[in-house]
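What follows is a set of notes on a single structure, which appears directly below.
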Amino acid sequence: MTFRKRTRIFNIMIAVFVGLSAIMFILPTVLTIANSFMTSNEISANYGAMIGNMTDSKKVFISENVNLKFIPDKATLSQYKNVLFKNPEYLFKFWNSIILTVPITVFQLAVAILTSYGFSRYNNKFKNLIFFAYIILMLMPYQVTLVPNYLVAKNFNLLDTRWSIILPGIFSPFSVFLLTKVMRRIPISYVEAAKLDGANEWQIMTQIYLPMCKSAVISVGMLVFIDYWNMVEQPMILITDPDAVSALHPLSVFLSQINSGDIGLAFAVGTVYMIPTILMFLYGEDYLVEGITAGGIKG
Amino acid sequence: MKKKSRNQCGRRGEKIFSNICIVPSVAGVLIFFLIPFGIVVYYSLISNPVTKEFVQLDNYKDIIHNTAFRKATANTAFFSVIAVPLSVIIPLWLAVLLERNIPCKSIFRTFFLSPLMTPTASVVLVWQVIFHNHGTVNQVIEKFGGTHVDWLSSKYGIYVIILMFLWKNTGYNMILFMSAIGGIPKDILEVAELEGASKAYQFFHIKLRYLSPTILFVLILSLISSFKIFREIYLLVGNYPIDRLYMLQHFMNNTFEKLNYQKLSTAAVLFSLVMIVIIAILLTAEHFFGKDVEN
């Protein structure tokens, strides 16, 4: 009895500890959303010191300290009005992000499903060698792969166009790696059973492999989407012409430039930018967890 | 065994189909990554793109003596050596804690995963508020009578970045460990319990052994993301940060802007050689533990 009681108390202590650390993890997200509802006066009163060198009438309010604040004194939607109605450029950049990220995610997944099916059926030495090359390529940081990407874009006259980012993105080997790992664990007996029923390879892929790794496909898709949704390096290097920059750069690059200007606006834009990923989380968290798990277990 | 039976039950046409499946991807990878990488290697061996004089390893000698490159390499190595092991240990520890019978598990899990959904730039903004010279952390320090630290522009900047890295990657790695812990055969642990093995013994001698493939997998994933940290550093402190935060990726980016192909290609080739060695070591280690990344 006492032993049980002791473990229960111990468990509660651990729950409190883990809970506190969990709250630390979600804090920046909550903070971004909460602060987006502040008026610009409140923002400059609290965060004024960060924009101290701006020559602006707001300077009067500035206190020396930067105060972290959770609950706005007076909740307002004025920042959102700014983002959505007064400055159409933000929505325009948001659209730029979508038009870059969605095709990359969709086509990378399509290519990856096909490829990992190829890798998980009928292995031979040559294929294993190619797969090893994929692993190495996947582990290369952007700064290494960007040099080849830049050369290709330059030769094909793709610089300063969306294609310079989309095309290499489609063939990025990350999702091939994860999906191959998952597909290789599908028992061969399923395939044999399907073959006895007269299924051909295409049917095996679309009607057995695909449904069986549905959650892995969704979770890989989410990870790819999140990665490219936050892209910074590729646009900075592949789209540099001033006209192309203003026409094509996604919001992720632009967001950092607002940071140094109007902080209140930056919080609101950040929150708007979070909407797609939050929706994905609400609908797909279980898939995400299941998919991460499927890719991770040994074998 | 599995592989063999797979090979044997195939007919010719099916083998060809599975080969055709990888053709689009292989073609794309060749065009966008491998062939241009060959060109990069070629560039690293010539004096300049105009005269195309073959200079053997001169570019490599130059870059190894380049102070900016050395500094960047040292900083990047320092970051990875600290951040990558921590992003294995902390999630593993949390996963072990969450294995217990505690309330609100799934809410905690969501919280730990939430850094994935927040845009990097917004997070950086919050981070700037917290670690600003007159920001939250310094206010707390001053309240307790300490002297404040200019976090982002002092030698402590790198630790802020490490913290940010851990914040971002812990949730994902934790889930990997949680599922791996769930997969450890219960009967073995029960036998150990009956024979009086301590919790510590159970963890280090039984659980860790079953977890070793996952640990290596997480190690590899963390290594990849540790090289993506440039994004955060760039958003936090820009293109020319203080010395301690000057990473290899800064070096590459700044060389890019000057369009110095030789320097850039040489750095890229060196970088990838080091990566290949590290990966080879990790994969050998994984093979040594009986399972490997390639199944």
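Looking at the stretch B:31-51 only, could you name the residues that are outside any loop (DSSP other than H, G, I, E, B) and buried (at least 16 other Cβ atoms within 10 Å of the Cβ)? Selection gives B:ILE31, B:PHE32, B:PHE33, B:PRO36, B:PHE37, B:ILE39, B:VAL40, B:TYR43, B:ILE46.
Among the listed residues A:LEU139, A:LEU109, A:LEU159, A:LEU129, which satisfies the condition of being under 30 Å from A:GLU192 (Cα atoms) and in contact with a helix residue (DSSP H, G or I) (Cβ under 6 Å, 6 or more places away or on another chain)?
Testing whether each residue is under 30 Å from A:GLU192 (Cα atoms) and in contact with a helix residue (DSSP H, G or I) (Cβ under 6 Å, 6 or more places away or on another chain) leaves just A:LEU109.
For the stretch A:134-159, the set of residues classified as surrounded by fewer than 18 Cβ atoms within 10 Å (Cβ to Cβ), part of a loop (DSSP other than H, G, I, E, B) and either facing another protein chain (nearest Cβ under 7 Å) or among the polar types (S, T, N, Q) (or both) consists of A:ASN157 only. Within the span defined as the stretch A:265-281, every residue fails to be assigned to a helix (DSSP H, G or I) and modelled with pLDDT under 80.
Restricting attention to the stretch B:255-275, does a residue exist that is within 8 Å of chain A (Cβ to nearest Cβ), under 23 Å from B:PHE33 (Cβ atoms) and modelled with pLDDT under 80? Among the residues of the stretch B:255-275, at least one is within 8 Å of chain A (Cβ to nearest Cβ), under 23 Å from B:PHE33 (Cβ atoms) and modelled with pLDDT under 80, which makes the answer yes. Of (1) under 21 Å from B:PHE256 (Cβ atoms); (2) among the small types (Gly, Ala, Ser); (3) within 9 Å of chain B (Cβ to nearest Cβ), A:SER246 satisfies all except one. Which? Failed condition: (3). Scanning the stretch B:184-224 for residues that are crowded, with 20+ Cβ neighbours inside 10 Å and among the hydroxyl-bearing types (Ser, Thr, Tyr) gives B:THR214, B:SER222. Identification of helices (runs of 4 or more DSSP H) wholly contained in the stretch B:108-226 with 2 or more residues that are polar (S, T, N, Q) yields B:120-131, B:136-143, B:157-182, B:208-226. Count of the stretch A:148-183 residues, restricted to those that are of a type in the set (Lys, Arg) and modelled with pLDDT of 85 or more, is 2.
Only one of the listed residues (A:PHE281, A:PHE254, A:PHE267, A:PHE225) is of a type in the set (Phe, Trp, Tyr) and free of Cβ contacts under 8 Å to residues at least 60 places away in the same chain. That residue is A:PHE281. Checking each residue in the stretch A:40-96 for being among the β-branched types (Val, Ile, Thr) and either at pLDDT below 75 or farther than 19 Å from B:ALA121 by Cα (or both) picks out A:ILE43, A:ILE51, A:THR55, A:VAL60, A:ILE62, A:VAL66, A:ILE71, A:THR76.
Within the stretch A:112-129, can you find the residues that are of a type in the set (S, T, N, Q), at the interface with another protein chain (Cβ under 7 Å from one of its Cβ atoms) and outside any helix (DSSP H, G or I)? A:ASN123, the sole residue that qualifies.
Right, B:PRO119: closer than 30 Å to A:PHE107 by Cα and either within 24 Å of the chain's Cα centre (by Cα) or facing another protein chain (nearest Cβ under 7 Å) (or both) or not?
yes
Contact map, the stretch A:181-208: first residue more than 9 Å from chain B (Cβ to nearest Cβ) and touching a residue at least 24 places away in the same chain (Cβ under 8 Å), second residue of a type outside the set (Phe, Trp, Tyr) and in a loop (DSSP other than H, G, I, E, B), Cβ cut-off under 8 Å, separation 6 or more or different chains; pairs are A:VAL182/A:CYS213; A:MET183/A:CYS213; A:ILE186/A:CYS213. Every condition in (1) out of contact with any Pro (no Cβ under 6 Å at 6 or more places or on another chain); (2) within 11 Å of another protein chain (Cβ to nearest Cβ) holds for B:PHE227 except the one numbered (1).
For the stretch B:190-212, name all the residues that are within 17 Å of B:ALA95 (Cα to Cα) and out of contact with any Gly (no Cβ under 8 Å at 6 or more places or on another chain).
B:LYS199, B:ALA200, B:GLN202, B:PHE203, B:PHE204, B:ILE206, B:LYS207, B:LEU208, B:ARG209, B:LEU211, B:SER212
Residue check: B:THR76 meets all listed conditions (1) under 16 Å from B:GLN249 (Cα atoms); (2) at pLDDT 90 or above but one, namely (2). Within the stretch B:140-183, being surrounded by fewer than 17 Cβ atoms within 10 Å (Cβ to Cβ) and touching a Lys or Arg at 6+ places or on another chain (Cβ under 6 Å) holds for one residue alone: B:LYS155.
The values are calculated or read from the model by the stated rules, or taken from the named source; none is laboratory data. Here the structure is a predicted model, which is why all the values come from computation and not from measurement. Neighbour counts are summed over all protein chains in view; Cβ atoms, including those assigned to glycine, are modelled from backbone coordinates with ideal geometry.
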